[in-house]
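Heads up: the structure comes next, in structure tokens.
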Amino acid sequence: MAEEVKTPAPPPPPEGEKKPAAEKPAAAAPAAPAKPAAPAKPAGPVPVPWTSPLVEKYRSQYGSGLDPLTYLGQNYLSVDRSLIPDILRLLRDEEQFDYCVDITAVHYPKREKQFDVVWILYSFPRNERVRVKTQIADGASIPSSVSIWATANWLEREVFDMFGIKFDGHPDLKRILLPDGWNGYPLRKDYGILQQDKEWVQINLGIESGQ
Amino acid sequence: MSFPANDRTNLELETPDKPYLDSNELIINMGPQHPATHGVLRVILKLDGEKVLGTECVIGYLHRGVEKIAENRTYTMFNPYVDRMDYVAAVSNGLGYCEAVEKLMNVEAPARAKYIRVILTELNRIASHQLWLGTHALDIGAMTPLFYTFRDREEILKIFEKYCGARLTTHAFRIGGCQYETYAGFEKDVKNFLTFVAPKIDEYETLLTTNRIWLERTRNVGVISAADAIALGVTGPVLRASGVQWDLRKAQPYAAYSEFDFEIPIGTNGDTYDRYLVRMVEMRQSLRIIEQAVNGIPEGPIMGKVPKVIKPPVGEIYHSIEAPKGELGYFIVSDGSTQPYRLRVRPPSFVNLQALDIMVRGMLVADVVAVIGTLDIVLGEVDR
Amino acid sequence: MNPALNSGLNSALNSGMAPVATPWFFYALAGLAVASGLAVITRRNAVHSALALIVTLLSVAGLYLMLYAPFVAGVQIIVYAGGIMVLFLFVIMLVNIERASKERRFNSIWPVGLAAACALMALFVSAFVKGRALFPDRMMTLPESSNTQQIATMLYGEVGPKGQYSIGQYTLAFEIASLLLLVAILGAVIMTKKKI
Amino acid sequence: MPDFVMSYLGSTVTPGEAGNQFWALMYVLIIFAGVSTAVICMNWIERKALAHFQVRLGPMRVGPHGLLQPFADALKLMLKEDIIPAEADQFVFWVAPLIGLLAAFTVYTVIPFGPSQAVSDMNIGILFMLGVSSLGVLGIVVAGWASNSHYPLIGALRSSAQMVSYEVAMGLAVVSAILMTSLNASGTGTLSMIGIVQAQQQQGVWFIFKFFPLGFIGFLIFAIAMIAETNRAPFDMAEAESELTAGYHTEYSGLRWSLFMLAEYAAMIAVSSIAVTLWLGGWMRPFPNLLNAPAWDFIFSLFPGLTFLGLTAITFVGVARMPAQSFFKIQRIGLAVFAALLGFIALLLLVIAVAGRSADGRLLARFSEGIDYVYWFVLKVAVFMYLFIWYRATWPRYRFDQLMRVGWKVLLPISLGVLVVTAIVGVLVS
């Protein structure tokens, strides 16, 4: 990891503001594979291509559906949605990524494919982490990975609870942190921080508002 | 097992045409108000007599939307919020968050700050394990250890209070280092604590380790194999008790951990007793780390070169530390502004709690309580 | 042995005090036994029936005491009221009461029950008519002392000169009672085992 | 009337035996009041002792050293709203605590605090005790069922299974002790509680030491089973608060709840009394045969007074150690008054002991003797009470199946073995 202490000068100018920041690392990724010469260090670090035997192997197999990058020493794969089940299974079965650390999502409302779904994986034998990312549109579903890692059960339920992303083949996909009858998905960007399901609160708690 | 999705409180059971004297399954609702669910966990138990046929955890009673709050606060403003997740190990939460943001900004805390962080985090680990031991023993019916552990945990909280003014939700660290220099006599206090607490840990062990009833209540209870533990993403002492020697402090050292000599205890059976032993050894290992750290603490600045306004560059980072309960991870997506675009917490308790079901199937009601205790969950972190 | 240890009967008689067994006690206990006995068969709720049965058993124990049979009374309490009824309740609590109370109460075996009740009634009437003549006098000597030898004597007759017990006159009844228990055990096994 | 009173005081048999209904009634009242007081004291002692086991102080606010705490608790419980759940079986819910209480208190009719200090000396005394104390479980079972709630039901089921199992081992241990009463010239034993103690007196040995270690093993089995019988830690399955919230009395509150507690503590004292009577020589002072000179009698008769004197001294130390702030003034006075009360009792007891010895009056001598008997009996029971607290502070709770296993697979075979071996040894010896 870069040990040099940096005063982070205001980084990539155009995406400086908050909302349009939608086009960020992931979205910026397609632009990156141009594979520029090694880590040029401008204002801030930028994702650079990730090269390793693992990557080469899958690169040749899946071609452009796969986009391996490294940012600040952390590797991730941007994967086309259609390849997700295959890639995840291969990562576990062949590459020994036997521990699914976390599954989460990021919402980019301005983008056409609104959601990034992120798998954070870890391999005990290799002592190595990798993130797998894919983009899906609102309302689209994604194959569940419960059959690959049992731990995905609750993690996917939480993603469903917070973002409304459906996981096909999940054994028991329902809300986990919020009450069953709740409307709305609070971690979407269009869900205000003070917003809540007034109707649910009035019916179930018998109060006007939870605020 | 399936419960009606929207009607989980309806505990009435259908009795189809069964013989007159046939008994049926009992569904009992443990929690959210229950002495042994460590807060507001609700477990629906499906019982055959006292035997557990299945469980379902209903969580979220303490959900505060921490991740949503993070998106609406600046990096600095969000720092105290992380203490409120695992409020038993607030220092660890703060360490994980600060290191994650530092990593995202590509800065590093100075060596002295790192040492202070290690000392406080390890003290916090002992405090967390002490609280776990007390409540776990109380769940199994041994009242006395609770008071012993709380008596000794008090000494740790006193050090925290003297250091940063808060006892529980400490907010001890800042992004880039520590805000406070150690107070005069800090090292002496810590060293006194080391000599004070070592015999106290022996005392807990005298009460429990060879106690026949304790052995019977914990051995072969809530067994989880290494393969299951890995598949379920279980981390921390629970994973190590199953025989996987994996600790982030060793595997991917952060702060100053690479400079200390300590061991990672592992168990063999993956049962409640092994988890108990692993945590007991961990407390002693923490003492070792603290001793080395307090003896070798370097002079120097405590705050790295970070700007007044924290504004990490566009990018994303995942950073995790070994919290007392397991792997505590922060996945931060930055859009270059002063607020995180997305901040995801990977809570160890939440993931570990998922293992409850397979750990208690086929066991008795009393074991459910023991297993909830041995998983060492904190509902503030499970529900966030 | 210490004279103070003599049985209640002797001391009560010797000291010339009025015996405890006043008619009032008898009528109270008998009335209680009958009333709670009726409650046993009329209550729809099985637990209420069981509780009423306990009261019956206790009042019968009281009647035994009035007959100067404290040992039998003690055994009645410890075995029936304390042991068997707890097991009864244990089982009844596991039964779905709501369902049970809706069951049809008079089912097809009621003629058998009626016949059994009539037979029992006839027995009682005959006992009442014939009175004491039916019972051997030995019966009265039974409870004078609690010592085990006498109980053994009651059940198995006098101890023979060579230390062997001769078979007493109540052995048949005793063994029939144990047969009854065996039947009960078998019945319990059949009811609980779904497949044998 | 005074003649009537005096004439009884000199008698040597229990009121039940003498057919003296007035005195029987008085005894019943005295025992009821005494046991209730003992429960109140036990409540305070348990809280304080448990607190000191656990490095805390326990009640300190209500009265000096929390001495008035039990009364405050009692008042609170009596004034609390008495809630009966809507779905509960009203009548059974109402009657359940009474069953437990009745069973616990009825036992005391046969407990011999002295050779004549008992309500009645039934010739089936021990059988009666076991029988009636086994009725106590009915209260628990019925309470659990009537609450119409899952936790109490499970508590009740556990409790009934537990009681029935441990009663077997307990009964066999008792039988082995009763067997020892028959080791005399006539070869007849006794079930009378007073007779059992007298048998120990005649044989010159407490049954705990008889045929060592047979008597001791029997005693241990009883001592374990009696904890299970009274639902105390580590066998408190029925009310395991961390598993079943409060077990069978989850739905109870206020006075009704306190009746359960009263019954539990009364039952604890009752089973301890059985153990003391059967194995520890009941009312007998230590070494009654070895040190039987009148001088020894006199020395031992000073013990009650000396005990109270010791308590007085401790209390005065407590008064002296009170903080000097004016805030503690009332507490200090209160404690001093309490110490004075104890000192007065001590003085009274000493005077009675001395006067009883020198007095030619039969009455005072008998009275002094009676105090001795009760003192030694209560002292032995108190040891058990302390053990109950100690167990609770030390041990985790057994799991239900382990409890059953201990009962059936460990205690039962051992108690059977002890019974058989006692019988064989008894035959061989006599």
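Observations on the structure shown:
- On Cα atoms only, tilt of B:90-105 relative to the major axis of chain B in degrees: 60
- Hydrodynamic radius of the stretch D:21-79 per Kirkwood, over alpha carbon pairs, in Å: 12.9
- With Cα atoms, 0 to 90° folded angle of helix B:144-164 axis to chain B main axis: 30
- In chain B, the sites counted are GluC sites (Glu not before Pro) in DSSP loop states with at most 15 other Cβ atoms within 10 Å, and the longest stretch holding none of them, exclusive of the sites, is B:26-180.
- The long axis of helix B:111-140 is offset from the longest Cα principal axis of chain B by roughly 20 degrees.
- Greater than 27 Å apart at Cα, pairs in A:57/B:103; A:189/B:250; A:57/A:133: A:57/B:103; A:189/B:250
- With a threshold of 23 Å on the Cα-Cα distance, the over-threshold entries among D:76/D:329; B:114/B:305; B:158/B:191 are D:76/D:329.
- Based on Cα atoms of the stretch D:298-358, Rg over Rh with Rh as the Kirkwood radius reads 1.16.
- For the stretch D:21-79: relative contact order, % (alpha-carbon pairs under 8 angstrom, 6 or more apart): 23
- Karplus-derived 3J(HN,Hα), 6.51/-1.76/1.60, for each residue of the stretch A:156-161, Hz, glycine and proline x: 5, 4, 5, 4, 4, 4
- Within-11-Å neighbourhood charge of residue D:379 [Cβ basis; K, R +1; D, E -1]: +1
- Diagonalising the gyration tensor over the Cα atoms of chain D and scaling each eigenvalue by 5 before taking the square root yields semi-axes of 34, 32, 21 Å, largest first.
- Radius of gyration (Cα atoms) of the protein assembly as shown, expressed as a multiple of 2.2 N^0.38 Å: 1.15.
- Cut-off under 5 Å, modelled amide H: who pairs with residue A:142 long-range: A:166, A:167, A:168
- Taking θ as phi - 60° and the Karplus parameters 6.51, -1.76 and 1.60, the scalar couplings of the stretch D:169-179 work out to 4, 4, x, 5, 4, 4, 4, 5, 6, 5, 4 Hz in sequence order, x denoting glycine and proline.
- In order along the stretch D:322-333, the phi-based Karplus estimate (6.51 cos²θ - 1.76 cosθ + 1.60, θ = phi - 60°) of 3J(HN,Hα) comes to 4, x, 7, 5, 5, 4, 8, 4, 5, 4, 5, 4 Hz; Gly and Pro are listed as x.
- Normalised by 2.2 N^0.38 Å, with N the number of residues, the alpha-carbon radius of gyration of the stretch B:66-383 equals 0.97.
- Remark on residue B:27: its backbone amide H falls under 5 Å from those of B:47, a criterion applied only to residues 5 or more positions apart or on other chains, H modelled at 1.01 Å from N.
- Helices in chain B, meaning DSSP H runs of at least 4 residues, each add -39500 (n - 2.57). Divided by all residues, the mean residue ellipticity at 222 nm is -14500 deg cm²/dmol.
- Prolate/oblate/rounded label for the stretch B:124-183 (Cα gyration tensor, a/c 1.5): prolate
- For residue B:54, the amide hydrogen comes within under 5 Å of the amide hydrogens of B:46, counting only partners 5 or more places away or on other chains and with H modelled in the peptide plane.
- Per residue of D:397-405, other chain Cβ atoms within 10 Å of the residue Cβ number 6 on average.
- Over all pairs of different C-alpha atoms in the stretch D:159-313, the reciprocal of the mean inverse distance, the Kirkwood hydrodynamic radius, equals 17.9 Å.
Taken together, the values in this text are just the output of simple stated rules run on the coordinates, not laboratory data. Since we're looking at a predicted model, the values are computed, not measured. No Cβ is skipped: glycine too gets one built from the backbone with ideal geometry, and neighbour counts run over all protein chains shown.
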